[in-house]
1. For the stretch 43-63, which residues satisfy the criterion of being among the small types (G, A, S) and over 18 Å from L20 (Cβ atoms)?
2. Being surrounded by fewer than 17 Cβ atoms within 10 Å (Cβ to Cβ), within 14 Å of D58 (Cα to Cα) and either of a type in the set (F, W, Y) or out of contact with any His (no Cβ under 7 Å at 6 or more places or on another chain) (or both) is the filter here; which residues of the stretch 110-138 pass it?
3. Go through the residues of the stretch 37-46 one by one and say whether even a single one is at pLDDT 95 or above and out of contact with any helix residue (DSSP H, G or I) (no Cβ under 8 Å at 6 or more places or on another chain).
4. Any idea which residue in the stretch 18-39 is nearest to L53 (Cα to Cα), counting only those that are surrounded by fewer than 20 Cβ atoms within 10 Å (Cβ to Cβ), out of contact with any Ser or Thr (no Cβ under 6 Å at 6 or more places or on another chain) and among the hydrophobic types (A, V, I, L, M, F, W, C)?
5. If we only count strands (runs of 3 or more DSSP E) wholly inside the stretch 91-138, which ones have 2 or more residues that are within 14 Å of I69 (Cβ to Cβ), at pLDDT 95 or above and more than 13 Å from the chain's Cα centre (by Cα)?
6. Of the numbered conditions (1) of a type in the set (A, V, I, L, M, F, W, C); (2) within 19 Å of E15 (Cα to Cα); (3) surrounded by fewer than 16 Cβ atoms within 10 Å (Cβ to Cβ), A57 satisfies every one except a single condition; which is it?
7. Would you mind telling me which numbered condition in (1) touching a strand residue (DSSP E or B) at 6+ places or on another chain (Cβ under 6 Å); (2) more than 21 Å from A9 (Cα to Cα); (3) surrounded by 15 or more Cβ atoms within 10 Å (Cβ to Cβ); (4) not hydrophobic (A, V, I, L, M, F, W, C) S81 fails?
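The values are calculated or read from the model by the stated rules, or taken from the named source; none is laboratory data. Owing to the predicted nature of the structure, the values given are computational and were not obtained by experimental measurement. Cβ coordinates were reconstructed from backbone atoms using ideal geometry, including for glycine residues, and neighbour counts include every protein chain displayed.
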Amino acid sequence: MPASKDEVAAFLAAEFPQSLCVVESVGARGATVSHRVGPAELRPGGTVSGPVLMGVADVALYVALLGEIGIVPLAVTTDLSIHFLRKPSAERRIIGVCKLIKVGRLLATGEVLLYSEGLEEPVAHVVGSYAIPQQPPA
């Protein structure tokens, strides 16, 4: 059973209080999350660090998946591939827009475009997959 934006946001707040991502939208086999960049997340030269971008993409994938299949806490990342396209702005939030490509019984695959808020061109393109634990029969 799909989960709403509020249900996913409440789950993340309870189970991942360290996450700085905000759930902006969930539905239609996708999700959008945002992340306000802090000074500790910058690399020399004033660019947002790669691990921050990967984290935002991973959260976007997880949020989209939970929106599609419901709250399944033990769904885990099995693969994440990122292509850095341009320097993200240190002064703007990072926006992750995820679309699920395929949701199977045991595996889901999606892609995420990461943006510096307000800019048209993506700063990174990410493809990832999540393992979905088997659910006991109802």
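1. Going residue by residue through the stretch 43-63, those that are among the small types (G, A, S) are 45-46, 49-50, 55, 57, 60.
Once the filter is applied, which keeps residues that are among the small types (G, A, S) and over 18 Å from L20 (Cβ atoms), the stretch 43-63 yields G45, G46.
2. Within the stretch 110-138, the subset surrounded by fewer than 17 Cβ atoms within 10 Å (Cβ to Cβ) is 117-121, 125, 127, 131, 133-138.
Subsequent filtering for residues that are within 14 Å of D58 (Cα to Cα) retains 125, 127, 131.
Correct list: V127, A131.
3. Scanning the stretch 37-46, I find no residue that is at pLDDT 95 or above and out of contact with any helix residue (DSSP H, G or I) (no Cβ under 8 Å at 6 or more places or on another chain), so the answer is no.
4. Once the filter is applied, the top-ranked residue is L20.
5. On the way: elements: 94-103, 107-116, 124-131.
Here the list reads 94-103, 107-116.
6. So A57 meets the others, but not (3).
7. Of everything listed in (1) touching a strand residue (DSSP E or B) at 6+ places or on another chain (Cβ under 6 Å); (2) more than 21 Å from A9 (Cα to Cα); (3) surrounded by 15 or more Cβ atoms within 10 Å (Cβ to Cβ); (4) not hydrophobic (A, V, I, L, M, F, W, C), S81 misses just condition (3).
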